[in-house]
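*Asks:* Could you have a look at this structure, given as structure tokens, before my questions?
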Amino acid sequence: MELAVFNQQGQDTGRKIALNEEVFGITPNENAVYLDVKQFLANQRQGTHKSKERSEVSGSTRKLHKQKGGGGSRIGDINSPVLVGGGRVFGPRPRDYRFKLNKKVKDLARRSAWSAKAADGQIIVVDDIKFEAPKTKEFVQFAKSFNLEGKKVLVVTADKNDNLYLAIRNVPGARVMSASDVNTYSILDNVAIIVTESGLAVINNK
């Protein structure tokens, strides 16, 4: 598969660049993608949730009334889960949601995501991205050149680009990543991916 190369102003340069079929031309494995995205989202969870159980609620442990003969139901202390203000039964406890995923599965998931985006025509290749100043309006104009203004966009570069990072960080839904840091979730969580030629070279060689 080949893609046209555009310049920063959104104009076709007349050149084409070949995509690595092992990365952009495979049949997507939906199960691998699901597992990788699930792991990514699980790793984002803090797991600090906690509710008080019966032994942790502040209150007297005195038995409210005798067990039998009162004409009412049997009950213990005021911390009972069946009473308002009592402890919670089987409530959430702090835990770590992270889990291990085989490297080959993660690699397959990432290549599946790239292949799906390529098949849907959602990858745009630009020769280079250079902003004279780290200003948001520079990126807004750049996105407008590709009819992507106001849309979720991922920009992929080979190396860190300070001006681009500062220009894009205040734009809702837009973000920039280096090619070596791109993961399955970031590939799928957008409507289009703009990748520089040098960034594509890094991805092609993965």
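Bear in mind these aren't lab numbers, they're just calculated from the coordinates by the rules spelled out. What you are looking at is a predicted structure, and each value in this text was computed from that prediction instead of being measured. Glycine gets a Cβ as well: all are built from the backbone with ideal geometry, and neighbour counts include every protein chain shown.
*Asks:* Is any residue of segment 102-128 close enough, with backbone N under 18 Å, to a label point placed 7 angstrom from the Cα of Lys152 along the Cα-Cβ axis, and if so, which?
*Replies:* 110, 112-124
*Asks:* Shape verdict for segment 92-142, please, from the Cα gyration tensor: rounded (a/c under 1.5), prolate (a/b greater than b/c) or oblate. Kindly include the intermediate steps, with their values, before the conclusion.
*Replies:* On the way: a/c = 3.25, a/b = 1.59, b/c = 2.04.
It is oblate, given that a/c is not under 1.5 and a/b is not larger than b/c.
*Asks:* Can I ask one more? With +1 on the Cβ of every Lys and Arg and -1 on the Cβ of every Asp and Glu, and nothing else charged, how large is the dipole of segment 145-206 about its Cα centre, in debye rounded to the nearest 20?
*Replies:* Dipole magnitude for segment 145-206 comes out near 140 debye.
*Asks:* A follow-up question, please. Please identify the chymotrypsin sites (Phe, Trp or Tyr not before Pro) of segment 28-94 that satisfy two criteria: DSSP loop assignment and at most 15 other Cβ atoms within 10 Å. Which are they?
*Replies:* Numbers: sites: Tyr34, Phe40, Phe90; in loops: Phe90.
The qualifying sites are Phe90.
*Asks:* Next question. Out of Lys152, Lys135, Lys52, any idea which swings most in a Gaussian network model of the chain, alpha carbons joined below 10 Å?
*Replies:* Lys52
*Asks:* Rank Val82, Leu41, Leu64 by how far each Cα sits towards the positive end of the charge dipole of segment 24-84 (+1 on Lys, Arg Cβ; -1 on Asp, Glu Cβ) and give me just the farthest.
*Replies:* Projecting each Cα onto the dipole axis, the largest value belongs to Leu64.
*Asks:* If exposed means no more than 14 neighbouring beta carbons inside 10 Å and the site is in a DSSP loop, what's the longest run of the chain without any exposed GluC sites (Glu not before Pro)? Walk me through the numbers on the way to the answer.
*Replies:* Working: sites that count: Glu56, Glu132.
Free of exposed loop sites, the longest segment is 57-131.
*Asks:* Follow-up. Can you tell me the dipole magnitude for segment 5-82 around its Cα centre, using point charges on the Cβ only (Lys, Arg +1; Asp, Glu -1), in Debye to the nearest 20?
*Replies:* Numbers: 12 positive and 8 negative charges, 226 e Å.
My answer is approximately 1080 debye.
*Asks:* Tell me the label-point distance for the pair His65, Lys38, using the 7 Å Cα-to-Cβ offset, in nm and rounded to one decimal.
*Replies:* For His65 paired with Lys38, the spin-label model returns 5.0 nm.
*Asks:* Treat every Asp and Glu Cβ in segment 70-182 as -1 and every Lys and Arg Cβ as +1, leave all other atoms uncharged, and give the resulting dipole magnitude about the Cα centre to the nearest 20 debye.
*Replies:* Details: 21 positive and 12 negative charges, 118 e Å.
So the dipole magnitude of segment 70-182 works out to roughly 560 debye.
*Asks:* In nm, to one decimal, how far is the Asp120 label point from the Tyr97 one, both placed 7 Å along Cα→Cβ?
*Replies:* Once both label points are built, they end up 2.3 nm from each other.
*Asks:* Quick one: if you stick a label point 7 Å off each Cα along the C-beta vector at Asp189 and Val171, how many nm between them?
*Replies:* Going by the 7 Å Cα→Cβ label model, 1.8 nm.
*Asks:* Along the charge dipole of the chain, pointing to its positive end and built from +1/-1 on Cβ of Lys, Arg, Asp and Glu, which listed residue (Ser112, Asn205, Val195) has its Cα farthest out?
*Replies:* So the residue furthest toward the plus end is Ser112.
*Asks:* Suppose the chain between Ser55 and Val89 were pulled fully straight at 0.36 nm per residue; how much longer would it get relative to their current alpha carbon spacing? Present the calculation step by step, with values, prior to reporting the outcome.
*Replies:* Details: separation 34, 0.36 × 34 = 12.24 nm, distance 1.08 nm.
Once the chain is fully extended between Ser55 and Val89, it gains 11.2 nm.
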